[in-house]
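Undergrad: One structure, as structure tokens, below. Some questions next.
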Amino acid sequence: MGRYVQVEPNVKVYVEDIGEGTPVLFLHGWPVNYKMFEYQLNVLPNHGIRTIAMDFRGYGLSDKPSTGYDYDRMADDVRAVIDDLGLTDAILAGFSMGGAIAAHYMARHQGHGVSKLALLSAAAPVFTQREGYPYGLTPDELNEQIIEPIFTDRAKLLDTFGGMFFAKKHSQPFMQWFHALGMEASSYGTINSAMVLRDEDLRGELETIQVPTAIFHGKKDEICPFEFAEEMHKAIPSAEMVVFEESGHGAFYDELEKFNAELIRFIQS
């Protein structure tokens, strides 16, 4: 069942909500939308899991305002969805950019309504290099390789980005479908979110996370290097690590059966 949630005046976000049981709220990555979780939405409801996935502002079926793409506002949008759905004991599952926003939500809103956290190939604690953090792209490299090409040929940039997403070779129709998800986003939302990914730093927030946390990460991730997962694992109290040896950034599809089985285990444990 789909619905819209008002997150601020004149801005609504789309939420897909299916199944009954333990609620899980999925937060998608840049630059796609909730449909990236198709292969989880197909399975989890059959295991007594209420499967909820939202489109961030600027993406998918949500409104596409020109502003509001910083982590504070995006986390506040998540809070609005949690409150609108009346969730009090949910698992928050964030992928890539959505993982960073999920982690920030836990700090900014003190884990309101959330009993467990799943960080899926998360773009955290920091997406770009800086002093004391030598992982990922430099800010200048991100500008040159991601942000600037969006202004000239967004479709080509997303094709290149999609080619880095998976460690395994998947069918051409699947890759075309995945590319189309990115093209559903607003161009300016895509740009603004990339700038936020470049600039935000969550290193001081991870230690505030007090709920059971699972870190899912592919060993071959070329977008959020595996060192990201190791840094999160060190910083988040009592976090568990689930390693996907054969996966790139898209562990949710590279090792689909293992990903779903481990996620169901974590939810039901």
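Undergrad: Restricting to the range 81-99, name every residue that is crowded, with 24+ Cβ neighbours inside 10 Å and either without any contact (Cβ under 8 Å) to a residue 60 or more places away in the chain or farther than 19 Å from residue 5 by Cβ (or both).
TA: 95, 96, 97, 99
Undergrad: Restricting to the range 243-269, name every residue that is outside any helix (DSSP H, G or I) and open to solvent by 10 Å² or more (accessible area, probe 1.4 Å).
TA: 243, 245, 246, 255, 269
Undergrad: Is there a residue in the range 94-112 that is closer than 22 Å to residue 200 by Cα, outside any loop (DSSP other than H, G, I, E, B) and in contact with a Lys or Arg (Cβ under 9 Å, 6 or more places away or on another chain)?
TA: Checked the range 94-112: at least one residue is closer than 22 Å to residue 200 by Cα, outside any loop (DSSP other than H, G, I, E, B) and in contact with a Lys or Arg (Cβ under 9 Å, 6 or more places away or on another chain).
Residue-by-condition table, conditions (1) open to solvent by 20 Å² or more (accessible area, probe 1.4 Å); (2) among the aliphatic types (A, V, I, L, M):
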position	(1), (2)
63	yes, no
73	yes, no
101	no, yes
105	no, no
109	yes, no
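Undergrad: For the range 19-40, which residues satisfy the criterion of being surrounded by fewer than 18 Cβ atoms within 10 Å (Cβ to Cβ) and in a helix (DSSP H, G or I)? If you could, list the steps in order and put the result at the bottom.
TA: So the first thing to find is which residues in the range 19-40 are surrounded by fewer than 18 Cβ atoms within 10 Å (Cβ to Cβ), and the list is 20-21, 38-39.
The answer is 38, 39.
Undergrad: Hey, another quick one. Within the range 124-156, restricting attention to residues that are assigned to a loop (DSSP other than H, G, I, E, B) and hydroxyl-bearing (Ser, Thr, Tyr), which residue is least open to solvent (accessible area, probe 1.4 Å)?
TA: Our first condition is that a residue be assigned to a loop (DSSP other than H, G, I, E, B); within the range 124-156, this holds for 124-125, 127, 129, 131-132, 134-136, 138.
Then drop every residue that is not hydroxyl-bearing (Ser, Thr, Tyr), which leaves 135, 138.
Details: 135: 61, 138: 41 Å².
Among those residues, the one meeting the criterion is 138.
Undergrad: Now, a different point. Which numbered condition trips up residue 213, out of (1) closer than 18 Å to residue 103 by Cβ; (2) open to solvent by 10 Å² or more (accessible area, probe 1.4 Å)?
TA: Single failed check for residue 213: (2).
Listed here are the residues, each with its yes/no results for (1) farther than 27 Å from residue 254 by Cβ; (2) among the charged types (D, E, K, R); (3) surrounded by 13 or more Cβ atoms within 10 Å (Cβ to Cβ).
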| site | (1), (2), (3) |
| --- | --- |
| 158 | no, no, yes |
| 183 | no, no, yes |
| 186 | yes, no, yes |
| 207 | yes, yes, no |
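Undergrad: If a residue must be hydrophobic (A, V, I, L, M, F, W, C) and either over 28 Å from residue 145 (Cβ atoms) or touching a Leu at 6+ places or on another chain (Cβ under 6 Å) (or both), how many such residues does the range 197-231 contain?
TA: So the answer is 5.
Undergrad: Report yes if residue 222 is of a type in the set (D, E, K, R) and open to solvent by 40 Å² or more (accessible area, probe 1.4 Å), otherwise no.
TA: Answer is yes for this residue.
Undergrad: Residue by residue through the range 225-242, note down the ones that are assigned to a loop (DSSP other than H, G, I, E, B), open to solvent by 20 Å² or more (accessible area, probe 1.4 Å) and small (Gly, Ala, Ser).
TA: 238 - this is the single residue of the range 225-242 that is assigned to a loop (DSSP other than H, G, I, E, B), open to solvent by 20 Å² or more (accessible area, probe 1.4 Å) and small (Gly, Ala, Ser).
The values are calculated or read from the model by the stated rules, or taken from the named source; none is laboratory data. Everything quoted here is computed from the prediction, not taken from an experiment. Counting neighbours? That spans all protein chains shown, and the Cβs are built from the backbone with ideal geometry, glycine included. What goes into the accessible areas is simple: the full protein's heavy atoms, side chains included, and nothing from ligands, DNA or RNA. Shrake-Rupley method; radii C 1.70, N 1.55, O 1.52, S 1.80 Å.
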